[in-house]
Amino acid sequence: MHDLKARTKLVHGGVRRSQYGEMSEAIFLTQGFVYPSAEAAEARFLDASREEFIYARYGNPTVAMFEDRIAGLEGAEDAFATASGMAAVNGALMSMLKAGDHIVSARALFGSCLYIVENILPRFGIEVTFVDGKDLDAWAEAVRDDTKLVFLESLSNPTLEIVDIAGVSAIAKRVGAQVVVDNVFATPIFQRSFELGADVVIYSATKHIDGQGRCLGGVVLGSQDYIRGTLEPYLKHTGGALSPFNAWVMLKGMETLDLRCRAQAESALALAEALAAHPKVTKCLYPGHSDHPQQALAMRQMEAGGTVLSFEVTGGQAGAFAFLNALEIVLISNNLGDSKSIATHPATTTHQRLDDAQKALLGITPGLIRLSVGLEDRGDLIEDVKKALTAVTV
Ligand SMILES: *Cc1c(COP(=O)(O)O)cnc(C)c1O
């Protein structure tokens, strides 16, 4: 399926049809598999092909369809699906690292990613250097001859800072460090991280890939050597497998992924335009809008600005809460990439755990709102947000 365009791969990629010729992908809701003979069981344990399965923790036909579909879209040799985005991040990092290793990580990370890198890895003797992800000089200074990998989110949460992946990759490659990219915010539709130099790409499928708020899931993509040689042994024995039912939901989500992401990104840009000039908005951050300090880099690296924007309202936390409570269409929640638009107050929810100094360092101010833009009518959304801003009285 190499020469086909993304939309075609999203609909047809990875399909394994049973003898019944079903149109919709089958859910193989089975833990185990039956062997035609004792010899066949022995042979499969010795060396199972990609079409032979042993136990659902190791692999499953519905899960394999999802893995092959996303690997085909991303242009990766292989993929391993996981129970959640965090199982993917944990599996990718733990499978590559051992005591005594050194890694460099961007400081602005999704809360649970930060917990793994800051709290868990050091407990196992892994040394971590944090850098300001947008500062290439800081990466160059932090990466050492013995650095094993660099870890970053291509667009940071919630301030949508952009890491120059090609730049960081060039620095990492000089010392042979692996480049691990959590690409959730940029989406597989808008950014081709492997082409920019990534060695390993991670998604929380819970976000845009499901896109309709149903299931947790995740996936790690990379070379066949890495996925089958390094990652699979770790994940199949530690139990982070994706359920076949959730894999099926993700397969169905992928069929509309391109359409949804593009529609949501267009609405996000329209909202950024409406908000940037608004008197109650002191700052509006959308990678596709000229107010974003890194718009040029964003547009070099991504096809569109993504589906999330962040903005700061006047009046600090009181202003932010007044805005949130006045919304009628946009929901207060913390997922993103959903067909329903979602507003989040990072300072008191997703980033509550950070102290004031850490919040300030990451730009998480009391008035900051993160808005994940959904599939509702664009005009209705703009009106809802503008109306809610009238509730901000300072
Ligand atoms: C949501 C998210 C994760 C974790 O994914 P789950 O599916 O919730 O485990 C990791 N990284 C980023 C950037 C995310 O947005």
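The values are calculated or read from the model by the stated rules, or taken from the named source; none is laboratory data. Values in this document were obtained by computation on a predicted structure and should not be read as measured data. Neighbour counts run over all protein chains shown; Cβ positions are idealised from the backbone, glycine included. Only protein heavy atoms, including side chains, enter the accessible area calculation; ligands, DNA and RNA are left aside. Shrake-Rupley method; radii C 1.70, N 1.55, O 1.52, S 1.80 Å.
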> Over all directions, what mean area does the Cα convex hull of segment 287-343 project, stated in square nanometres?
Replying inline: 4.9 nm²
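Using the heavy atoms of the protein chains alone and a 1.4 angstrom probe, what is the accessible area of segment 246-294 per residue in square angstrom?
For segment 246-294, the per-residue accessible area is 35 Å².
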>> Rounded to the nearest 5, what % of DSSP beta bridges with both residues in segment 1-153 are antiparallel?
In response: 10 percent
> Kirkwood hydrodynamic radius for segment 14-84: how many Å is it when counted over pairs of different Cα atoms?
Replying inline: 13.4 Å
> Between residue 43 and residue 30, how many nm apart are label points set 7 Å from Cα along the C-beta direction?
Replying inline: 1.8 nm
> Using 18 Å as the cut-off for backbone N distance, which residues of segment 206-229 belong to the label zone defined by a point 7 Å from the Cα of residue 252 along Cα→Cβ?
Replying inline: 206-218
>> Report for segment 151-270 the percent antiparallel among DSSP-assigned beta bridges with both residues inside it, nearest 5.
In response: 45 percent
> For the chain, what does -39500 (n - 2.57) per DSSP helix run (n ≥ 4), summed and divided by total residues, give at 222 nm, in deg cm²/dmol to the nearest 500?
Replying inline: -10500 deg cm²/dmol
>> Using only the alpha-carbon atoms, how far is helix 316-326 inclined from the longest principal axis of the chain? Give it as 0 to 90 degrees, nearest 10.
In response: 70 degrees
> If you take the charge dipole of segment 252-394 about its Cα centre, with +1 on Lys and Arg Cβ and -1 on Asp and Glu Cβ, which of 269, 321, 308 is farthest toward its positive end?
Replying inline: 321
> Along the Cα-to-C-beta direction of residue 300, a point sits 7 Å from the Cα; which residues of segment 152-170 have their amide N less than 12 Å from that point?
Replying inline: 163-168
> Spin-label point model (7 Å from Cα, Cβ direction): what's the residue 99 to residue 355 distance in nm?
Replying inline: 3.0 nm
> Quick one: accessible area per residue over segment 88-154, 1.4 Å probe, rounded to a whole number of Å²?
Replying inline: 39 Å²
> What does the convex hull of the Cα atoms come to per residue for the chain, in Å³?
Replying inline: 138 Å³
> Over all pairs of distinct alpha carbons, what does the Kirkwood formula give as the hydrodynamic radius of segment 298-394, in Å?
Replying inline: 14.0 Å
>> If you average the alpha carbon positions of segment 157-185 and of segment 262-328, how far apart do those two centres end up, in angstrom?
In response: 23 Å
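Counting only protein heavy atoms and a 1.4 Å probe, tell me what percentage of segment 263-307's accessible area is made up of carbon and sulfur. Numbers along the way, then the final one.
Working: 960 of 1840 Å².
C and S fraction of accessible area: 52 percent.
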> Could you give the dipole magnitude of the chain about its Cα centre, charging the beta-carbon of Lys and Arg +1 and that of Asp and Glu -1, in debye to the nearest 20?
Replying inline: 460 debye
> Roughly to the nearest percent, how much of the accessible area of segment 316-394 is carbon and sulfur, given a 1.4 Å probe?
Replying inline: 55 percent
>> Over the Cα atoms of segment 41-171, each weighted equally, I'd like the Debye log10 I(q)/I(0) at q = 0.20, 0.22 Å⁻¹, rounded to two decimals.
In response: -1.18, -1.29
> How much FRET efficiency would the formula 1/(1 + (r/R0)^6) give for residue 259 and residue 136, where r is the Cβ-Cβ distance and R0 is 35 Å, rounded to 0.05?
Replying inline: 0.50
>> Just to confirm the filter: which GluC sites (Glu not before Pro) across segment 47-82 are DSSP coil and have at most 15 other Cβ within 10 angstrom of their Cβ?
In response: 51, 52, 77
>> I want to check the label-to-label distance for residue 15 and residue 317. Put each point 7 Å from Cα in the C-beta direction and report it in nm to one decimal.
In response: 5.3 nm
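At a 1.4 Å probe radius, carbon and sulfur cover how many percent of the accessible area of segment 57-111?
Summing carbon and sulfur atoms, their accessible area is 52 percent of the total for segment 57-111.
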